[in-house]
Amino acid sequence: MSERGALSALLAAPILAVSLLSAEPVQAEPVKTDPVVTILDLPFTARAMRGPGSEVSLAVATSGLLPLARPKGLKGEVVEDVPIAVIWGDEGGAALTFSDGKVATILLGAEAVEGLAASETPRGAIAGSRRATLGPVSAHLSEPVRPNASEPERAGTLTIRERQPIGMSADPKPVPIVTTAVSAGSDAAFALRRPVVALMDGRPVFVAVTSQDGGSALALVGKSAAESGKPSAEPGKPSAETDKAWSILARSPVQATRPGGQALKVAAIGHFSAAGRPQIAAVAAPDGAGILQIWTYDANALRLAGEATGYTDLSPGEGGTDLASVLDADGDGVPELALPVADRSALAILSLKDGIREVRRIPLPGLAAFGVAAIGQGARTRLLVGLADGRVALISPQP
């Protein structure tokens, strides 16, 4: 058997293979293509990527497959970003960590990663969709809707699940879960866009995209402060409000979609300005002009704070792929946004502090296709970009 065949056999090993459990990090040997862009030397063609803080990276980090310390907060609390990215394809997978200016690659079996990634689509969710999770709360799209064969499939419901706290007991007890079905409203449905979760005023909220005649809109789903009757949690901690109903708290105006065009897509949620609530970065016409929009939730309404043309977060790869990432490359405590330009030939780093300002544009050695993820912090931050030909580009956002 050739070395390539032996390696492929190893990568197809079962999830608990001893060779994986004892794997040591190896240094990826990138092939230079540009002063700030390299191609990771991976022994497989990649097709999927999940960044730090994702459900897959947390699952891999806590599975026992890696020689890493288990992160804290595995009993329902909010877990900070797990400092790994996970990449996989049909022939193998890898976990990538970044420290001391170097990327370390730990090879994993493709079956192992895909097994852990299966939880992203829970029972009852629309096939191919992904849920959003924050501590004990998650949301996914359910109940497929297709009025006629000429229209794209949509979802009739955003299903929210909340794990309930249970008291200490000598006997094991199932964790009670409260499930709430949120409707998109009259004459509307949810576009097949993965919901995005964030904390606002200490409470988890989900941002989804609704679809209606000729257009799409953002929908902010949560529990209003007025309903809760409880003080907000500490900053960065979700409050335990399980006795109130979830509902759509605010909607953006409906934006027209050209015939055959794509609906709005949420790129990220972050504290992009120096103060105030998190803002929502979304792209209108992501398959066309690519209009990046910044939305702020204030006074029970979504307000457009700025927009710029020429960007996209729409991926031709697997459904729900993240083609944008939040990072703080300059270390000033206010994050930037990284996402491709409209034709996906370059990656743009954008400051959103006061309007939308492109800080840097980095040409790519291929078209961005199946993921953008940030690893590291400050000036040592590196960006990973999955390319259409299955390669993975490693980028330094600083010149």
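The values are calculated or read from the model by the stated rules, or taken from the named source; none is laboratory data. Source: prediction; values computed, not measured. Using ideal geometry, Cβ is built from the backbone for each residue, glycine included, and neighbour counts are taken over all protein chains shown. Side chains included, ligands, DNA and RNA excluded: accessible areas come from the protein's heavy atoms. Shrake-Rupley method; radii C 1.70, N 1.55, O 1.52, S 1.80 Å.
Things to note:
- Under 5 Å from the amide H of Ala250 lie the amide H atoms of Leu220, each residue being 5 or more positions distant or on a separate chain, with H modelled from the backbone and absent for Pro and chain starts.
- The alpha carbon gyration tensor of the stretch 286-399 gives principal lengths a ≥ b ≥ c with a/c of 1.5 or higher and a/b no greater than b/c, which makes the shape oblate.
- Phi to ³J(HN,Hα) by Karplus 6.51 cos²θ - 1.76 cosθ + 1.60 over the stretch 354-361, Hz, x for Gly, Pro: 9, x, 10, 10, 7, 7, 7, 10
- Residues of the stretch 276-318: accessible area per residue with a 1.4 Å probe, Å²: 38
- Accessible surface, 1.4 Å probe, highest first, among residues Arg146, Arg123, Arg360, Arg154: Arg123, Arg146, Arg360, Arg154
- Taking all protein chains together, Lys265, Lys353 sort by accessible area into Lys353, Lys265, largest first [probe 1.4 Å].
- Estimated vicinal HN-Hα couplings, Hz - the stretch 128-134 in sequence order (Karplus 6.51, -1.76, 1.60; Gly, Pro = x): x, 8, 10, 8, 10, 9, 9
- Note that the stretch 79-181 carries a Kirkwood radius of 17.0 Å, evaluated over its alpha carbons pair by pair.
- Taking all protein chains together and rolling a 1.4 Å probe, Asp171 ends up with roughly 100 Å² accessible.
- Positive contributions from Lys and Arg (+1) and negative ones from Asp and Glu (-1), summed over other residues with Cβ under 13 Å from the Cβ of Gly185, come out at 0.
- Working note: Cα atoms of the stretch 244-296, range along each principal axis, descending, whole Å: 37, 31, 15.
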